[in-house]
Amino acid sequence: MADIIVKRGSMGKNYGVILVPEGLIEFIPEMNVLISEINEILSVEAQGDIRAFVIEKLTQVSKTLFEILPDAIAEQLLLDRDPHGNVQVAKIDTEKLLILMLKAELKRRDQNLAAKFKPQSHYFGYEGRCAIPSNFDSQYCYCIGLNAAVLIREGASGFMSCIKNLEDKDARNWIAAGCPLPTMMGVERRKGKDVPVITKALVELDSPMFLAYVAVRDRWAYLDCYVSPGPIQFAGPSSDAINFMVSPPDIPTLIKETDRVEEIETKIRKEKGRELFRDPSLLSELSQARIKEDAKIPTVLEKDSYCMSAIKKYYAHTPLARSKIRE
């Protein structure tokens, strides 16, 4: 981590992004034990003050951990359980917990360092699930629903609707199937009892998707290797793109693209005043297509005389943006 901070600093970057999965808190060993104990304690109705009720029944180690947690996080651990009697990890501000603990550690080490640490947190759970569906999403969900109806018609209960061969961009070549629910189930503790449930899907460390990430993650930590795909389209560039969960990126291509970003960023770093410059070649296919596209004037603006005035002034940081505004 220290090496990454030094590299970002040498490239003139005093910013960075850390993406925290909402279920991460369950994989912190001590927190996992604490959550399991709270779930077990609250499998019966709490008597009196819920905080005191829980603390009284925790083991000494978990009690110590619970009492040093920020009040807001401790309260979230005691919120209403999900239908299975478990804590709702999506309602726990894991990112805020990490920020508060990191602030405390930085303050312990160096007051000046702590003063420079200015984090901003945001929960993207619902924004991430509410994007406009792509062509692939629309076709996939239609097939899932149609196949589910066929399974019901055939009396195949206890099956989950699934679609195979999704790598083929032609949906007519996809294969409909039904997966028996018992093959996906395991035994977990729910409301104080062992019950069969569908096992949580965890990251597969030997999957093509994760191996592609491993190949470039060290450099992605200090390079701005992002590509904004732009608003999802139903026609035109990228409209029929398949997501990486279905078709993982090619590792040699990913490494080559990362090499290109590093080459450009190294060059820009040597030129003062261009820290925010974004090379057009690093833009997404859709963004590049829109740069070349001529804006069409609506018919209503051609018939009569109109004038427009800007109520706010915007300064474009890049020559490319300035040229498009002038156009």
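Which entries of Lys296/Lys324; Lys57/Lys107; Lys7/Lys116; Lys63/Lys193 have Cα-Cα distances beyond 25 Å here? Exceeds cut-off: Lys57/Lys107.
Between the residues Ala74, Ala156, Cys141, the greatest Cα displacement towards the positive end of the dipole of the stretch 70-170, with unit charges on the Cβ of Lys, Arg, Asp and Glu, is found for Ala74. Where only DSSP H runs of four or more residues are counted, the chain gives -13000 deg cm²/dmol as its mean residue ellipticity at 222 nm, each run worth -39500 (n - 2.57). GNM remark for the chain: springs join alpha carbons under 10 Å apart, and the peak mean-square fluctuation among Asp168, Asp49, Asp259 falls on Asp49. Centre-to-centre separation between the Cα atoms of the stretch 181-195 and those of the stretch 119-144: 28 Å. About its Cα centre, the stretch 208-295 has a charge dipole of approximately 280 debye under the convention of +1 per Lys or Arg Cβ and -1 per Asp or Glu Cβ, with nothing else charged. What translational diffusion coefficient, in µm²/s and rounded to a whole number, does the Stokes-Einstein relation yield for the stretch 208-295 at 37 °C and a viscosity of 0.692 mPa s, taking the hydrodynamic radius as the Kirkwood radius over Cα pairs? D = 222 µm²/s.
Assuming a ≥ b ≥ c are the square roots of the Cα gyration tensor eigenvalues, decide whether the chain counts as rounded (a/c under 1.5), prolate (otherwise, with a/b larger than b/c) or oblate. The shape class here is oblate.
With K and R counted +1 and D and E -1, the other residues having a Cβ less than 9 Å from that of Ala72 yield a net charge of -2. Could you work out the local net charge near Phe234, counting Lys and Arg as +1, Asp and Glu as -1, over the other residues with Cβ closer than 13 Å to its Cβ? For residues surrounding Phe234, the net value is -2.
Taken together, the values in this text are just the output of simple stated rules run on the coordinates, not laboratory data. This structure is a prediction, so every number in the text was calculated from the model and none was measured. Every residue, glycine among them, receives a Cβ derived from its backbone with ideal geometry; neighbour counts consider all protein chains shown.
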